[in-house]
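A quick write-up on the structure given underneath.
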Amino acid sequence: MISNEMDLSDAVIVKSGRLKSVVWNDFDRVKKGETYVAICRHCKKRLSGSSASGTSHLRNHLIRCRRRINGNGVVAQYFVKGKKKEGRVVELANEKKKDEEQQLSVVSVRYEHDDDVVSAGLDQRRSRFDLARMIILHGYPLSMVEDVGFRMFIRNLQPLFDLVAFERVESDCMEIYAKEKHKMFEALDKLPGKISISVDVWSGSDDTDEFLCLAAHYIDETWELKKRVLNFFVVDPSHTGEMLAEVVITCLMEWDIDRKLFSMASSHSPPFGENVANKIRDRLSQNKFLYCNGQLFDVSCGVNVINQMAQDSLQTCCDTINMVRESIRYVKSSETIQERFNQWTVEAEAESERNLCIDDPVRWDTTCTMLEIALEQKSAFSLMNEHDPDSVLCPSDLEWERLETVVEFLNVFVDVTNAFTKSTCLPANIYFPEICDLHLRLIEWCKNPDDFISSLAVNMRKKFDDFWDKNNLVLAIATILDPRFKMKLVEYYYPLFYDTSASDFIEDVVECIKALYDEHSIGSLLASSDQTLDWRNHHHGSNGVRHGKELDDRFIEFDRYINNTTTTTPGQDSTSDLEKYLEEPLFPRNSDFDILNWWKVHTPKYPILSMMARNVLAVPMSNVSSEEDAFETCQRRQVSETWRSLRPSTVQALMCAQDWIQSELESS
C-alpha cells in the first residue's frame, strides 16, 4: 500500500491504451519517479499502481469503498473477480431496471472464464426479499437482522447491502405472504375437483394460547395429492362453539372454497370439539354444498385414536412400567452393576443384541422399545433381585406376562401409526386395510382370559368403535375405489366384524356409494341425460376366518376368499362407470402400485367415477404431519419460540408462507 503522505505534487498522470481493466474507470494512475500509484477517484485512497501488482487489490478496494455510491445511494458499477490472462470482457452494456421502490442504472460487466459467465450486480430489493424468504423458510427470528453478529457478518460479506431493521423485514415477509397467497388462491380456483380440509390445534407461548391451523387437501389437475396450509389464527378463548364455527366458515368463504368442500378432518379436541364440526356441517348442508347431505363430511383423525389407545395401555400398567424403568436406571447407574447384570443375562440365557435403554416420557413408541428390550432380559432382572439386595424391585411373573401382552398391543399401534405417517399426503385408500386389521385384533384381545387384559381391550375398543362408526363409510368407499380390492375387501372383512348382520352393513355402503355416484353424475358435464345408475345388488359372502396373523400377512385370507368367489363377467348392458368398474376383474397387487396414476390413466374410461375418486382419495384420515408428532403423548404441536411472540397476523403470514414455499421447493 502506498502512503497517503507521499508528495505527488509533481507526479504525472499516466494515460495508456494498455490499461484494459475496467477498474481503471475508478482509478487515476500516476507516476512519480519510478513509482506508479493508483488513486481512487471516490475516496482518494492511494494504492500500488505497478503492473506487477495486478488489479485484484484495486478491485477489492472498490467493493469496500463507501464513497463509490452515487447520490441516490445506488451502486454505479459492479466488478467480478477473475484472472485477466484467462478471462476477457465479453460484454459491457447499460441495463435499466424499474421496480416499485427504485430505478437502477447499472453498468453490467460480465467475464467469460472457463465457460462460466458470472455477473456481480447487487439488487437491494431482491437481496432484501431473499433475506425475508430465508427467514420464513427456516423459521428464523425476525429480530436476527438487528443482531450485532449478523450485521457484522453481512457487512464483511457484502458491504454494499443496506442493512434492514425488524420493521422492514416484517413488512417484506408480509409482502411475500400476500404474493404467495394470491398464487395459492388461483391454484385453488382452478382445481377440477373438490377440496377437503383438516383442522389442527396448536399451542402458543403458554397453555392458554391456542391456534387453529386450517389446511386444504386436494388432488390437482395432474393427479398429484397436495396439502397446503390456508389459515393459522389465534383462537379467542371467549368464543363459543358456534362462534368458532363461524370463524372457520368465514375463512373458507374468503378463500372461496365453501362451495367446493368434500370433507373436514379433525381430532375433535378442544377448542375444536365435535359440536363445532357439526355446526359447520349443518351450515354447509343447508346451502346444499355437501355430497350425501354431509354424511361423509366430518371425519376423525386415525392417528389420534391409535394414540389414545396406546396411552390407555401404558396408563393401565404405569406402576409396572415404572418398576422396569427404575430397574433399568439402577443397572445403568454404574459400570460395576452393569457388568454384574451382563453376567446374570449370560447365566439366565437372556442375552440380547440390544442394550437396555430409558424411554423418552413424551414419546410412547420409545416406551414400547424400552419394555420390549427389558422383556428379552426379564430373567436377568429376577436374578438381580435375588443376588443384589440394593436393587430396585422388579415386576412379578404375572406382571411380566401382562406387560408382554401390552407390548404386543403397542407394537401393533406402532406399525399402524408408521403406515399412516410415512408421508404427509396419503390417499385415503391406504387406511381401510390397516384399520380393519386393527379391528380384528381388538376383537381377539377382548377374548383374553385374563380379566386385566380383556378389560383393557374393551376400553380401547370403545374408543375404536367411536372412530369406526363415524368413518367406516368413507373408509369403505375409498377402498372400493382401489382397483385391487373394489367391493371384495368390504365383503371379506364385514362378516368378520358383524357376523350375521354383515349384509345390512354392506348394503349401507352400497347405498352410500350409489348416492355419491349419482350426485357426481348429475353434477358432471360429461354425464349424458340418460346415464342413470341401475346398480344391481352384488353377491355378499365370505368364508375363512383370520386368527393371529401378522400385519404383513393380512391379505392371505383375503386371497383365499377371492379364489373361492365367482368373478362376474362384464355385461354388455352396463351403462354406468361404476357398474363397468366393479364388474371388471381386480387389478393385480404389487408393491409399487400408484392409485392416483391408475385413475389418471383410466379417466377417459371412467370420466364420472374418476371425478368421484379424485374427491374421495383426497380425504385426510390423519392430520398428523410427521412420524415424530404421531408418537408424542401430547400431540398438540407448538408454535416456535422465535415466532410465538409476534403479532397474530404476522404469525399467520409466516406459517402459511413457510408451508407454501417449502411445498414449492419440494415439488421443484
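The values are calculated or read from the model by the stated rules, or taken from the named source; none is laboratory data. The structure presented is a predicted model; accordingly, all values stated were derived computationally and were not measured. Cβ atoms come from the backbone with ideal geometry, glycine included; neighbour counts cover every protein chain shown. Accessible surface areas use protein heavy atoms only, side chains included; no ligands, DNA or RNA. Shrake-Rupley method; radii C 1.70, N 1.55, O 1.52, S 1.80 Å.
Given 0.36 nm per residue, what is the gain on full extension from Ala178 to Asn590 after removing their alpha carbon distance, in nm?
Result: 143.9 nm gained on full extension.
Rolling a 1.4 angstrom probe over the protein heavy atoms, how many square angstrom per residue are accessible across the stretch 141-252?
Per-residue accessible area for the stretch 141-252 comes out at 45 Å².
Using a 1.4 Å probe, how large is the accessible area of Ser51, given in Å² and rounded to the nearest 10?
Around 100 Å² of this residue is reachable by solvent.
Please identify the GluC sites (Glu not before Pro) of the stretch 575-668 that satisfy two criteria: DSSP loop assignment and at most 11 other Cβ atoms within 10 Å. Which are they?
Here the GluC sites (Glu not before Pro) that fit, given the DSSP loop and packing criteria, are Glu641.
Which percent of the accessible heavy-atom area of the stretch 376-496 goes to carbon and sulfur, probe 1.4 angstrom? Mind dumping the intermediate values first?
Values: 2020 of 4290 Å².
Using a 1.4 Å probe with all protein chains present, the stretch 376-496 comes out at 47 percent carbon and sulfur.
How high is the FRET efficiency between Glu666 and Asp360 when r is their beta carbon distance and R₀ equals 30 Å, given to the nearest 0.05? Working shown, then result.
On the way: r = 28 Å, r/R0 = 0.94.
Efficiency for this residue pair is about 0.60.
Work out the FRET efficiency for Asp123 and Phe452 from their Cβ-Cβ distance, taking R0 = 51 Å, and round it to the nearest 0.05.
Details: r = 70 Å, r/R0 = 1.38.
Here the calculated transfer efficiency is 0.15.
Short version: ³J(HN,Hα) in whole Hz for each residue of the stretch 236-249, in order, from phi by Karplus 6.51 cos²θ - 1.76 cosθ + 1.60 (θ = phi - 60°), x for Gly and Pro, what are they?
For the stretch 236-249, the Karplus-derived couplings read 6, x, 7, 6, 7, x, 5, 5, 5, 4, 5, 5, 5, 4 Hz, x marking Gly and Pro.
Sticking with the crude label model, points 7 Å out along Cα→Cβ, report the distance from Ser238 to Thr424 in nm, one decimal please.
If labels sit at Ser238 and Thr424, their model points lie 3.6 nm apart.
Put a dot 7 Å past each Cα toward the Cβ at Asn459 and Ala187; how far apart are the dots in nm?
4.4 nm
On the Cα set of the stretch 380-438, report Rg and Dmax in Å, please.
For the stretch 380-438, the Cα-based Rg and Dmax read 18.9, 56 Å.
Which of Lys194/Lys600; Lys227/Lys600; Lys422/Lys470; Lys179/Lys279; Lys488/Lys580 have a Cα-Cα distance over 21 Å?
Long pairs (Cα-Cα over 21 Å): Lys422/Lys470; Lys179/Lys279.
For a quick check of understanding: with a 1.4 angstrom probe and all protein chains in place, what accessible area in square angstrom does Lys463 have, to the nearest ten?
The accessible area comes out at roughly 70 Å².
Multiplying the sequence separation of Met144 and Arg64 by 0.36 nm and subtracting their Cα-Cα distance, what value in nm do you get? Can you show the working numbers first?
Working: separation 80, 0.36 × 80 = 28.80 nm, distance 2.36 nm.
Length gained, Met144 through Arg64: 26.4 nm.
Over the Cα atoms of the stretch 583-668, what is the Rg over Rh ratio if Rh follows Kirkwood? Before the final figure, lay out each step's value.
Values: Rg = 19.5 Å, Rh = 17.2 Å.
Result for the stretch 583-668 is an Rg/Rh of 1.13.
Run the quick spin-label model on Ser645 and Glu254: label points 7 Å from Cα toward the beta carbon, then report their separation in nm to one decimal.
2.6 nm
For Gln286 and His57 in one chain, what is 0.36 nm times their gap in residues minus the Cα-Cα distance, to one decimal in nm?
Taking Gln286 through His57 to full extension adds about 74.9 nm, to one decimal.
Could you tell me which of rounded, prolate or oblate describes the stretch 247-336, using a ≥ b ≥ c as the square roots of the eigenvalues of the alpha-carbon gyration tensor, with rounded for a/c under 1.5 and, failing that, prolate when a/b is larger than b/c and oblate otherwise? Write down the numbers at each step before the final one.
Values: a/c = 4.67, a/b = 3.52, b/c = 1.33.
Judged from the Cα gyration tensor, the stretch 247-336 comes out prolate (a/c at least 1.5, a/b above b/c).
Can you give me the solvent accessible area of Trp223 with a 1.4 Å probe, rounded to the nearest 10 Å²?
Per-residue accessible area (Trp223): approximately 20 Å².
What FRET efficiency do you get for Glu167 and His42 if R0 is 30 Å and r is their Cβ-Cβ distance, rounded to the nearest 0.05?
Result of the calculation: an efficiency of 0.45.
Which loop trypsin sites (Lys or Arg not before Pro) in the stretch 374-427, with loop taken from DSSP, have no more than 15 other Cβ atoms within 10 angstrom of their Cβ?
Lys422
Taking loop as defined by DSSP and a crowding limit of 13 other beta carbons within 10 Å, which GluC sites (Glu not before Pro) in the stretch 209-281 fit?
Glu221, Glu224
Could you run the Karplus curve 6.51 cos²θ - 1.76 cosθ + 1.60 with θ = phi - 60° over the stretch 638-654 and give me ³J(HN,Hα) per residue in whole Hz, x for Gly and Pro?
Once θ is set to phi - 60°, the couplings for the stretch 638-654 become 10, 5, 4, 4, 6, 10, 5, 8, 7, 4, x, 5, 6, 4, 4, 4, 5 Hz.
Read phi for every residue in the stretch 44-51 and hand back ³J(HN,Hα) as whole Hz from Karplus 6.51 cos²θ - 1.76 cosθ + 1.60, θ = phi - 60°, with x for Gly and Pro.
Once θ is set to phi - 60°, the couplings for the stretch 44-51 become 6, 5, 9, 9, 5, x, 5, 4 Hz.
So what's the stretch 273-391 giving for Rg/Rh, alpha carbon basis, Kirkwood Rh from the mean inverse pair distance?
1.34
How high is the relative contact order of the stretch 128-274, in percent, with contacts defined as C-alpha pairs under 8 Å that are six or more residues apart?
Once normalised by length, the contact order is 19 percent.
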